[in-house]
Amino acid sequence: MSVLNSRKAAIVGCGAVGSASAFALMQSSLFSEIVLIDADADRAEGEALDISHGLPFAKPMQLYAGGYEDISDASVIIVTAGAGQKPGETRLDLVKKNTAIFKAIIPEIAKHNQDAILLIVANPVDILTYAAAKLSGFPENRVFGSGTVLDTARFKYLLGEHLGVDNRSVHAFIIGEHGDSEIAAWSTANVSGIPIHAFCEMRGHFDHEASMDRIAEEVKNSAYRIIEKKRATYYGIAMSVKRICEAIVRDEKSILPVSSLQKGEYGLEGVALSLPAIVGKNGIEGVVPFPLNEQEKEALSRSAATLRDVIAQVMDS
């Protein structure tokens, strides 16, 4: 077992998501050392230099480009490497390209460090989280994906806008796949403990079904809309990475909807998807028992089936 530096992170993949995540983490002061790794060594070097030149305005730290040998003492390894999502392409369209990339990357990570937490951010994140868990041999509590953390943030943001309240007072989750079959868990949504429909009526909104459909669709299509307009999404997911890393480094035991291998919750097995989980210094401590209505349970089962079909196609190839 290697001795890990709890203040060191590695980011594998220096595209838009990886570099934005490095920038967000530099500003957060969570880590005193970050190494950037990319198949394009010049890209990693350029991103490291660019971000490092702002360090006089931040807290002291080391941020540099390196190789897999530099990850041996990293406590958190963030994997953003993979082909990007193109306009008109679904997250699941990416799966074969990015699974092939993971079959090269993950064993290389495991060769140099078997004790870190592996945080998967590349898309389709649920399939790649499953692949990373199987390819790395890591304990499953230490391999998880960013999942629906960003989708949930989008959900809270849109509900806050709809209701004219601080979105931090909105408590609601997107669960299941990070993608087209994701589920808005309306049955438990609330604003500071007040059920969502009751709060809507307090604010003069009574057409619940239409508003629910509109907001859920807007959350689901947010990435497609951004990609159509600026070709990629990276700021929101970078802030999601920072939030997850906060929970790990500070051992916050925060409840976040990260993607993890399911162990029978709601009858789900053989798949990675997002449910609220307790996240701390050892990774996932457990999935939170989360009350769903029958319609949501059925939608979650369908989401899992969609993912399981894809896993069967790519993990056997």
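The values are calculated or read from the model by the stated rules, or taken from the named source; none is laboratory data. Quick caveat: nothing in here was measured; it's all calculated off a predicted structure. Cβ: placed from backbone, ideal geometry, glycine included. Neighbour counts: every protein chain shown.
For the subset of the range 73-90 comprising residues that are surrounded by fewer than 20 Cβ atoms within 10 Å (Cβ to Cβ) and not polar (S, T, N, Q), which member is modelled with the highest pLDDT? Selected residue: ASP73. Report yes if some residue within the range 37-47 is among the aliphatic types (A, V, I, L, M), buried (at least 16 other Cβ atoms within 10 Å of the Cβ) and assigned to a strand (DSSP E or B); otherwise report no. Within the range 37-47, one or more residues are among the aliphatic types (A, V, I, L, M), buried (at least 16 other Cβ atoms within 10 Å of the Cβ) and assigned to a strand (DSSP E or B). Checking each residue of the range 221-229 against the condition of being outside the structural domain of ALA122 (by TED's automatic domain parsing), crowded, with 20+ Cβ neighbours inside 10 Å and touching a Ser or Thr at 6+ places or on another chain (Cβ under 7 Å) gives at least one match. Here the range 286-317 is the region considered, the condition is being at pLDDT 95 or above and of a type in the set (Asp, Glu), and the residue that is farthest from SER75 (Cα to Cα) is GLU294.
Residue-wise test of (1) over 19 Å from LEU300 (Cα atoms); (2) assigned to a helix (DSSP H, G or I); (3) modelled with pLDDT of 95 or more.
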position	(1), (2), (3)
GLU209	yes, yes, no
ILE215	no, yes, yes
ALA223	yes, yes, no
LYS229	yes, yes, yes
ALA232	yes, no, no
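If you scan the range 151-193, which residues turn out to be part of a loop (DSSP other than H, G, I, E, B) and in contact (Cβ under 8 Å) with a residue 40 or more places away in the chain? Write out each step before concluding.
Step one: list which residues in the range 151-193 are part of a loop (DSSP other than H, G, I, E, B), which gives 164-166, 172-173, 177-182, 185, 189, 192-193.
Selection gives PHE173, GLU177, HIS178, GLY179, ASP180, SER181, GLU182, ALA185.
LEU25 - would you say it is within 15 Å of ILE244 (Cα to Cα) and in contact with a Phe, Trp or Tyr (Cβ under 7 Å, 6 or more places away or on another chain)?
yes
Counting only strands (runs of 3 or more DSSP E) wholly contained in the range 252-317, the ones carrying 1 or more residues that are of a type in the set (Gly, Ala, Ser), surrounded by fewer than 20 Cβ atoms within 10 Å (Cβ to Cβ) and free of Cβ contacts under 8 Å to residues at least 12 places away in the same chain occupy 283-287. Just wondering, is there one or more residues in the range 72-90 that are among the basic types (Lys, Arg) and more than 20 Å from the chain's Cα centre (by Cα)? No, the conditions are met nowhere in the range 72-90. The residues of the range 214-271 that are charged (D, E, K, R) and within 14 Å of ILE284 (Cα to Cα), listed by number, are GLU246, ARG250, ASP251, GLU252, LYS253, LYS263. Screening the range 31-72 for residues that are among the polar types (S, T, N, Q) and out of contact with any Ser or Thr (no Cβ under 8 Å at 6 or more places or on another chain) and picking the one that is farthest from GLY18 (Cα to Cα) gives SER32.
Table: residues versus (1) more than 19 Å from GLY176 (Cβ to Cβ); (2) assigned to a helix (DSSP H, G or I); (3) in contact (Cβ under 8 Å) with a residue 60 or more places away in the chain; (4) not assigned by TED's automatic domain parsing to the domain that holds GLY236.
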{"site": "LEU94", "(1), (2), (3), (4)": "no, yes, no, yes"}
{"site": "THR99", "(1), (2), (3), (4)": "yes, yes, yes, yes"}
{"site": "ALA104", "(1), (2), (3), (4)": "yes, yes, no, yes"}
{"site": "LEU119", "(1), (2), (3), (4)": "yes, no, yes, yes"}
{"site": "ALA122", "(1), (2), (3), (4)": "no, no, yes, yes"}
{"site": "LEU128", "(1), (2), (3), (4)": "no, yes, no, yes"}
{"site": "ALA131", "(1), (2), (3), (4)": "no, yes, yes, yes"}
{"site": "LYS134", "(1), (2), (3), (4)": "yes, yes, yes, yes"}
{"site": "PHE138", "(1), (2), (3), (4)": "yes, no, no, yes"}
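Please tell me if GLY164 is modelled with pLDDT of 95 or more and touching a helix residue (DSSP H, G or I) at 6+ places or on another chain (Cβ under 9 Å).
Working: modelled with pLDDT of 95 or more: yes; touching a helix residue (DSSP H, G or I) at 6+ places or on another chain (Cβ under 9 Å): no.
Taking the combined requirement at face value, the residue does not satisfy it.
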